[in-house]
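Enquirer: Could you have a look at this structure, given as structure tokens, before my questions?
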Amino acid sequence: MERTGVRFLRMKGCILVLSCMLLSTRGVSAAERGKIGIGVDVAYLDPQISSLMYNQVSTTISLSSEFSLRLPLTYVIGNSETDVTMLGGGVALDYQPFAIPLFVSLSMVHCGYLFGSDAPLERLQYLDEFSLGYRWHPKKGKFFIEPSITFFDPSGVYSTEYEALKESFQKFPDIRLSVLIGYEFFSFPLQKEVITTR
């Protein structure tokens, strides 16, 4: 009951943050444009550290100069000694203060489903992530490189779920470094231009 109450309060907080973010987009200038980009994780150091392969594809949708929505899709493969894989996804809120490339990412909804004979009985696991990253655009183009560090379950609310992941994958990490390489392939106006006639 206590864990359910904490999750409910967390969900209410996420809805409040998302509402404030959407309201903030009403104050953007007409010249400001939103962007949609897709990045692929190329940091394949996981097998050298934790005996698993952590693959991620992330879509970001910027709604203002400060706020973006991130839609990560993850596919985690265990080592040869365990028959377990995980397919995960969710929605995260990115905050980029002061119009600088540094950002903070807070997962609002995130879950993973485990497959294989070594998967736990509770195959659907609710997860929590917190990330710090930096998005760099070479020559200020649409191509970007995004190194980041992710902390799994920083609040400790989902400790049972992450213990199940550590038992299934053997040494599931608490912290992970990643590098996304991607491209912003679409832009859209954040505010409709009002045309007046005299």
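Enquirer: Considering only residues that are under 18 Å from SER168 (Cα atoms) and out of contact with any Leu (no Cβ under 6 Å at 6 or more places or on another chain), look in the range 85-110 and name the one that is surrounded by the most Cβ atoms within 10 Å (Cβ to Cβ).
Expert: Once the filter is applied, the top-ranked residue is THR85.
Enquirer: Separate question: Could you please tell me which pairs satisfy a Cβ distance under 7 Å, a separation of 6+ or placement on different chains, a first residue in the range 147-167 that is farther than 17 Å from SER105 by Cα, and a second residue that is of a type in the set (Asp, Glu) and outside any strand (DSSP E or B)?
Expert: VAL157/ASP128; TYR158/ASP128; SER159/ASP153; TYR162/ASP153; ALA164/GLU122
Enquirer: Within the range 111-122, count every residue that is surrounded by 13 or more Cβ atoms within 10 Å (Cβ to Cβ) and farther than 12 Å from TYR162 by Cα.
Expert: The number of residues fulfilling the criteria is 5.
Enquirer: SER117 passes all but one of (1) closer than 19 Å to THR74 by Cβ; (2) outside any strand (DSSP E or B); (3) polar (S, T, N, Q); which number fails?
Expert: Unmet for SER117, out of (1) closer than 19 Å to THR74 by Cβ; (2) outside any strand (DSSP E or B); (3) polar (S, T, N, Q): (1).
Enquirer: Right, another one. If the Cβ limit is 8 Å and pairs must be 6+ apart or interchain, which residue in the range 119-135 that is basic (Lys, Arg) pairs with which residue that is assigned to a strand (DSSP E or B)?
Expert: ARG123/TYR113; ARG123/LEU114; ARG123/PHE115; ARG135/PHE103; ARG135/PHE144; ARG135/ILE145; ARG135/GLU146
Enquirer: Right, next: Would you please name the residue that is nearest to MET86 (Cα to Cα), looking only at residues in the range 123-162 that are among the β-branched types (Val, Ile, Thr) and in a strand (DSSP E or B)?
Expert: THR150
A short reminder: the numbers here are calculations on the coordinates, not readings from a lab. Since the model is a prediction, treat every value here as computed from it, not as a measurement. Neighbour counts are summed over all protein chains in view; Cβ atoms, including those assigned to glycine, are modelled from backbone coordinates with ideal geometry.
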